[in-house]
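Here's the structure, in C-alpha cells; my notes come after.
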Amino acid sequence: MALRVWASQAATSLGIGCRRPLRSLGFPAVPFSRGFSDVIEGLKYADSHEWVKSDGKLGTVGITHHAQDHLGDVVFVDLPEVGVSVSKGSSFGAVESVKATSDIMSPVSGEVVETNTKLTETPALINGSPYGEGWIIKVRIKDPSEMDTLMNAEQYKRFCEEEDASH
C-alpha cells in the first residue's frame, strides 16, 4: 500500500520512525476469493490506494476501503492547509492508525480548496465511510488528463486481488 508506512505499531510506540511498505508489517495474505465489493464504480483509483471523484475541475480525494481495512482503526489524520499545491504521486498528509502511520499520496495534481475538518475530531469516519463522510481533501485539478492514468473500479479490484495474493 503506497500509503507509505513510516512505522510499525511497535516502532510508533517507541517513537522510532522508519519508512517501511505496508506489506512488511506482516498483514496476512487474503485469498483470491475475497470480494472487493467495497470498490465504487465511477471513482478513479491510484495504486497507492487513494481514490478520486472528479466533477470536472474539482476532485474529491480519500483513501480506499481496502487501505483503511489494512490500516485498522484510524486515530489521527494530518490534513494539509487549504491553498497548498499537491502533486500526483506525492504525499499531502498522513493517516495514523492503531497499526501504523502512513503517507496519503495525491492521485492528481492541483490546489487544495477544502479539507474535511470533521476528521480532526472524528478520524474514524475514514473507517466507517471511506467513500462518503471520510473523504480527506477537495482539489482544483490542474490537469484533468491525469485522471486517465488512474484505474477504474474493475482494474482496481484486480490490482488489489493480485497485491493481496502476492503476500
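Laboratory data are not the source of any read-out in this text; all were calculated from the coordinates shown. Since this is a predicted model, take the numbers as computed values, not measurements. For neighbour counting, all protein chains shown are included, and Cβ atoms are generated from backbone atoms with ideal geometry for every residue, glycine included.
Among the numbered criteria (1) more than 14 Å from L58 (Cβ to Cβ); (2) without any contact (Cβ under 8 Å) to a residue 60 or more places away in the chain; (3) in contact with a Lys or Arg (Cβ under 8 Å, 6 or more places away or on another chain), which one does S102 miss?
It fails just one condition, (2).
Looking at (1) outside any helix (DSSP H, G or I); (2) more than 22 Å from G56 (Cβ to Cβ); (3) more than 14 Å from the chain's Cα centre (by Cα), find the lone condition where P123 falls short.
Unmet condition: (3).
Of the conditions (1) small (G, A, S); (2) farther than 19 Å from A46 by Cα; (3) assigned to a helix (DSSP H, G or I), S145 fails just one. Which one is it?
Checking S145 against (1) small (G, A, S); (2) farther than 19 Å from A46 by Cα; (3) assigned to a helix (DSSP H, G or I), the one that fails is (2).
List the number of the failed condition for H167; all other conditions in (1) touching a Ser or Thr at 6+ places or on another chain (Cβ under 6 Å); (2) over 22 Å from D55 (Cα atoms) hold.
It is condition (1) that H167 fails.
In the range 88-116, what count of residues is obtained for those that are crowded, with 23+ Cβ neighbours inside 10 Å and part of a loop (DSSP other than H, G, I, E, B)?
Going through the range 88-116 one residue at a time, the tally reaches 4.
Give the residue, chosen from S87, S109, that is in contact (Cβ under 8 Å) with a residue 24 or more places away in the chain and either aliphatic (A, V, I, L, M) or out of contact with any Gly (no Cβ under 7 Å at 6 or more places or on another chain) (or both).
Step by step, each of S87, S109 is checked, and only S109 is in contact (Cβ under 8 Å) with a residue 24 or more places away in the chain and either aliphatic (A, V, I, L, M) or out of contact with any Gly (no Cβ under 7 Å at 6 or more places or on another chain) (or both).
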